[in-house]
Amino acid sequence: MIVEVIVDVSAYPIDRPFDYSVPEHLESLVERGSRVHVPFGNRKVQGFITNIKEHTDFDISKLKEIQSIIDVEPVVTEELLQLSKWLTNKTLCYEIDALQVMLPAALRASYKKNIKLIDPSELDENFLALFGKKESISYDVIEKAGYLRQMKKYLMQGFVQLETVIKQNAKAKTIAKYRVVANKEFIHEQLSNLSKSAIKQKELMEWLLIQQQTSFTMEELKETANANSSTIKVLIEKNILEKDKEEVYREISSLEYDDKDKRFQLTDEQALALKKINHAQNNAESTTFLVHGITGSGKTEIYLNAIENSILKGKQAIMLVPEISLTPQMTRRFKLRFGDQVAVMHSGLSVGEKYDEWRKIWRGEVKVVVGARSAIFAPFKDLGLIILDEEHESTYKQEDTPRYHARDVAIWRSEYHNCPVILGSATPSLESYARAAKGVYTLLTLKMRAKEQALPTVNVVDMRTELKNGNRSMFSIDLADAVREKLDKKEQIVLFLNKRGFSSFVLCRDCGTVVECKQCDISLTYHRAGEQLKCHYCGHEEPVPTKCPECTSEHIRFFGTGTQKVEEEIARLFPLARVLRMDVDTTRTKGSHERILKQFGDGEADILLGTQMIAKGLDFPNITLVGVLNADTTLHLADFRAAEKTFQLMTQVSGRAGRHDKEGKVYIQTYTPEHYAIELSKDQLFEPFYHKEMQVRKQYEYPPFYYLTLVQVTHENVLIASEYARLATDWLRANLSEQTMVVGPTACAISKIQNRYRYQCLIKYKKEPLLIEKLQQLIKIYRTEWMKKGIILSVDLDPSTIL
Ligand code: ADP
Ligand code: ZN
Ligand code: ZN
């Protein structure tokens, strides 16, 4: 028997399966999707079995043998094996990376397997002897004794069971249980033999006789049956009870809430959307729906209903949210509706907790997973529905290898399972909306808020005028007044500081001008060294102006503010307000997002001040004022999606106000109030925004009219980095079709990260049949020759940002 194994040696030039022979004693154990240890060079490495066959093209006498089997049951399903092949091609990663990304971190750590006795009476004597007095022994003992085949048979018959113990404190958690091992007659017999004084024993035996279940915790026996430790001990001695260890799932700690599941009579728009989705589900159609519904239009309610339909049909559903630890309210709604049928997966869980949730999915014990990006790989075997809420969010794209987009994986899986996908958003990505316009996706529109509340009134405040009137504070007069008014009324306020990790543009505070590249319509990036402004799309450079090119004002400079500075300003202007701050500094510890949000929801603060994190999911009745302190930051990102991101963010932030009975007000402060992304977000005018932005994209040849591929080259030495970026760019230019534009090489907007200099080349194309093949060739050159020199080259076929 021969197996094909994908070995865990990324950084190896060749990415293909290797053939290994299987020693006879392991033959019955190998399965596609199981991991093995194999010799590779003079090392022992891990690998995945991706195929089993009888013949090999290699000299069979030279073939090496697999050393051991890591998983007694496969960890990757047949479907996911196919998906990993697709992912490898789609993202140009190593196949091993595609396989690893599908597994929970716990399985990537080392772990130990134990075999546990379930029905000793069925086992062969010699096999049983291995256990001695223990009820569970290590897999290694069985392997050494040469009983693997036997074990696999018993495993399938259910006479023994596999337990996995993860090292690194993430093992399956166990608790002590007391199991009734005697039958009823035996207990009756023991009862009749009891002496009159043994009241406690009598009580416990009689109680056990009338119970349905057969295993109890110490607590249950003490509290419900009123037993004590010595009585329990006596019953163990009499062979009525047995002490046992039972695997339990970790309780994911959650804060206490007192809300209940609310069901609504659906609005007409909701009902129509649901009808179409359910129709696709019932007819096993892999339709992709784009649910475009304004904030508060009841999209989540549609998801819940569609999932219910999927569960009714005996199928499972994946519900993706951008970053779930930021949206505890969303998770709550799913738990309230579906209870124990929900698994939750996100970065806020410990390795062990994630492993537990993953196993529930693997074993089919849950029907729904609510999770962030990687939950798209949930090993469900019969998917009925996949949902991506806030589909436009860039967190759905993994920025590390494998550089996949959850939306693409969702569509692949939906075609495999013949089930629909729902993409939901108040501000769909331009790509998705364009696809819906072309009929590739089916558009479902919700124009009304579910409770018929009005959208909040949005006021755009021109910060240039504030400056002219002598107000140098980061609060405009209007916003400051509004804050005071709400504080008086004891209503809540959300203040939003627009901060995207990296933003360094130069802005004129008198007229709002930002210096841009004439060819690319992208803000020039400020480089402190040499006081230069650079375009990292085309490489254009110019010195930082000392006067505004538009109005000749000298108030032109680098732009930026931190949350702490705002907090000080709030303390100065509104000394009595209670403020909660939510940003990277206050949310480092596990569960802190949820805690802060809960405090705010419970009314323990008047003002919630935060960055992008607070834009999502916040749904509290008492929020009636939202202030955006600086809308310009995202608008002038050196990224062709800057306007789109700003529109999305402004719409989302405004959507936080007045979601319930009280009317909401929004203030957006900006130096460029006339920009269409800001103007149109005032009334959530998505369609006009879409059309305007599409024009710009067409004119400057950006997606969705053109595709982009980003090739980045980094090295510790600036000269080597730029030299190899040049080599890569020239090679691509020489090998790709003439119509394809190869732009660069240019320094990246963030020109140095962790002491490595970064250069890039951008490929723009409409149709390029050679792209994948040529990129694979370039990657091969890199892996065989450049890697040795310390170069790192990465390829992103659909970059979500270009920084
Ligand atoms: P979205 O996901 O589009 O922002 P939600 O599903 O969160 O919207 O709904 C917004 C609010 O309206 C929530 O408070 C929700 O409980 C409520 N809601 C949803 N559907 C209905 C309905 N059919 N009737 C009344 N209220 C509803
Ligand atoms: Zn100016
Ligand atoms: Zn340019």
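The values are calculated or read from the model by the stated rules, or taken from the named source; none is laboratory data. Keep in mind that what you see is a predicted model, and the values were worked out from it rather than measured. No Cβ is skipped: glycine too gets one built from the backbone with ideal geometry, and neighbour counts run over all protein chains shown. For the accessible areas, the whole protein counts, side chains as well, though only heavy atoms, and no ligand, DNA or RNA atoms are used. Shrake-Rupley method; radii C 1.70, N 1.55, O 1.52, S 1.80 Å.
Going through region 535-561 one residue at a time, which ones are acidic (Asp, Glu) and within 10 Å of ligand 2 (Cβ to nearest atom)?
Scanning region 535-561 gives Glu550, Glu554.
Where in region 51-133 are there helices (runs of 4 or more DSSP H), lying wholly inside it, with at least 3 residues that are touching a helix residue (DSSP H, G or I) at 6+ places or on another chain (Cβ under 8 Å)?
Passing ranges, in order: 78-91, 95-100, 105-108.
Residue check, Lys692 against (1) open to solvent by less than 30 Å² (accessible area, probe 1.4 Å); (2) of a type in the set (Lys, Arg); (3) without any contact (Cβ under 8 Å) to a residue 24 or more places away in the chain, all met but one. Which one?
Going through the list (1) open to solvent by less than 30 Å² (accessible area, probe 1.4 Å); (2) of a type in the set (Lys, Arg); (3) without any contact (Cβ under 8 Å) to a residue 24 or more places away in the chain, Lys692 breaks only (1).
Check Met156 against each of (1) open to solvent by 20 Å² or more (accessible area, probe 1.4 Å); (2) in contact (Cβ under 8 Å) with a residue 12 or more places away in the chain; (3) within 41 Å of the chain's Cα centre (by Cα) and name the one condition it does not meet.
(2)
Looking at Ala643, Ala638 in this structure, which one is assigned to a loop (DSSP other than H, G, I, E, B) and touching a His at 6+ places or on another chain (Cβ under 8 Å)?
Ala638
Can you pull out every residue in region 78-96 that is among the charged types (D, E, K, R) and surrounded by fewer than 19 Cβ atoms within 10 Å (Cβ to Cβ)?
Glu78, Glu79, Lys85
So is Gln669 at pLDDT 90 or above, more than 16 Å from ligand 2 (Cβ to nearest atom) and either crowded, with 24+ Cβ neighbours inside 10 Å or more than 19 Å from Ala454 (Cα to Cα) (or both) or not? Show your work before the answer.
On the way: at pLDDT 90 or above: yes; more than 16 Å from ligand 2 (Cβ to nearest atom): yes; either crowded, with 24+ Cβ neighbours inside 10 Å or more than 19 Å from Ala454 (Cα to Cα) (or both): yes.
Criteria met by Gln669.
Sort out which residues of region 364-401 are more than 27 Å from Ala642 (Cβ to Cβ) and in contact with a Cys (Cβ under 8 Å, 6 or more places away or on another chain), and write them in order of number.
Within region 364-401, Leu383, Gly384, Leu385, Ile386 qualify.
Please give the number of the condition Tyr724 fails out of (1) surrounded by fewer than 20 Cβ atoms within 10 Å (Cβ to Cβ); (2) aromatic (Phe, Trp, Tyr); (3) closer than 23 Å to His527 by Cβ.
Of everything listed in (1) surrounded by fewer than 20 Cβ atoms within 10 Å (Cβ to Cβ); (2) aromatic (Phe, Trp, Tyr); (3) closer than 23 Å to His527 by Cβ, Tyr724 misses just condition (1).
What is the residue count in region 672-683 for residues that are among the hydrophobic types (A, V, I, L, M, F, W, C) and open to solvent by less than 20 Å² (accessible area, probe 1.4 Å)?
Residues flagged as among the hydrophobic types (A, V, I, L, M, F, W, C) and open to solvent by less than 20 Å² (accessible area, probe 1.4 Å) within region 672-683 amount to 2.
Is there a residue being on the phi < 0 side of the Ramachandran plot, of a type in the set (S, T, N, Q) and open to solvent by 10 Å² or more (accessible area, probe 1.4 Å) anywhere in region 612-621?
Scanning region 612-621, I find at least one residue that is on the phi < 0 side of the Ramachandran plot, of a type in the set (S, T, N, Q) and open to solvent by 10 Å² or more (accessible area, probe 1.4 Å), so the answer is yes.
Mind listing just one residue for me: the one in region 778-788 that is more than 31 Å from the chain's Cα centre (by Cα) and surrounded by 14 or more Cβ atoms within 10 Å (Cβ to Cβ) and, of those, nearest to Cys93 (Cα to Cα)?
That would be Ile781.
Within region 565-578, identify whether any single residue is among the aliphatic types (A, V, I, L, M), open to solvent by 50 Å² or more (accessible area, probe 1.4 Å) and not in a loop (DSSP other than H, G, I, E, B), and answer yes or no. So that I can check it myself, show each step before the final result.
As a first pass, look at region 565-578 and keep what is among the aliphatic types (A, V, I, L, M): 566, 570-571, 573, 576-577.
Now drop any that are not open to solvent by 50 Å² or more (accessible area, probe 1.4 Å), which leaves 571, 576.
After this cut, where a residue has to be not in a loop (DSSP other than H, G, I, E, B) as well, the list is 571.
Yes, that holds for at least one residue.
Of all residues in region 240-266 being open to solvent by 100 Å² or more (accessible area, probe 1.4 Å) and modelled with pLDDT of 85 or more, which is nearest to ligand 2 (Cβ to nearest atom)?
This residue is Phe264.
Residues that are under 13 Å from the mean Cα position of the chain (by Cα) and buried (at least 21 other Cβ atoms within 10 Å of the Cβ), at least 2 per element: which strands (runs of 3 or more DSSP E) completely within region 343-433 meet that?
It comes to 368-371, 383-389.
Just give me the residues in region 543-575 being small (Gly, Ala, Ser) and either modelled with pLDDT of 90 or more or within 16 Å of ligand 3 (Cβ to nearest atom) (or both), in sequence order.
Start the filter on region 543-575 by keeping residues that are small (Gly, Ala, Ser), which leaves 553, 560, 562, 571.
Ala571, the sole residue that qualifies.
Go through (1) loosely packed, with under 15 Cβ neighbours inside 10 Å; (2) within 16 Å of ligand 3 (Cβ to nearest atom) for Val515 and report which single condition fails.
The one condition Val515 does not meet is (1).
Is it the case that Glu594 is open to solvent by less than 60 Å² (accessible area, probe 1.4 Å) and over 22 Å from Thr634 (Cβ atoms)?
On the way: open to solvent by less than 60 Å² (accessible area, probe 1.4 Å): yes; over 22 Å from Thr634 (Cβ atoms): yes.
Yes; evaluated as a whole, the condition is true for this residue.
Step by step: first the residues of region 134-185, then only those that are of a type in the set (A, V, I, L, M, F, W, C) and in a loop (DSSP other than H, G, I, E, B), then the one that is modelled with the highest pLDDT. Which residue is that?
Step one: of region 134-185, the residues of a type in the set (A, V, I, L, M, F, W, C) are 137, 141-142, 145, 148, 151, 155-156, 159-160, 162, 165-166, 170, 172, 175-176, 180-182.
The next check asks that each one be in a loop (DSSP other than H, G, I, E, B); those that pass are 145, 159, 170, 172, 181-182.
Details: Ala145: 84, Phe159: 88, Ala170: 46, Ala172: 61, Val181: 79, Ala182: 79.
Ranking the candidates gives Phe159 first.
Where the second residue is of a type in the set (A, V, I, L, M, F, W, C) and in a loop (DSSP other than H, G, I, E, B) and the first is farther than 14 Å from Thr91 by Cα and lies in region 702-713, which pairs have Cβ atoms under 7 Å and are six or more apart or on separate chains?
Partner pairs satisfying both residue conditions: Tyr702/Phe640; Val713/Ile791.
Mind listing just one residue for me: the one in region 305-327 that is outside any loop (DSSP other than H, G, I, E, B) and surrounded by fewer than 23 Cβ atoms within 10 Å (Cβ to Cβ) and, of those, nearest to ligand 1 (Cβ to nearest atom)?
Per the stated criteria, the residue is Asn305.
For region 434-453, name all the residues that are open to solvent by less than 30 Å² (accessible area, probe 1.4 Å) and among the small types (Gly, Ala, Ser). Steps first, please.
In the first step, residues of region 434-453 are kept if they are open to solvent by less than 30 Å² (accessible area, probe 1.4 Å); the result is 434, 436, 441, 444, 446, 449.
Within region 434-453, Ala434, Ala436 qualify.
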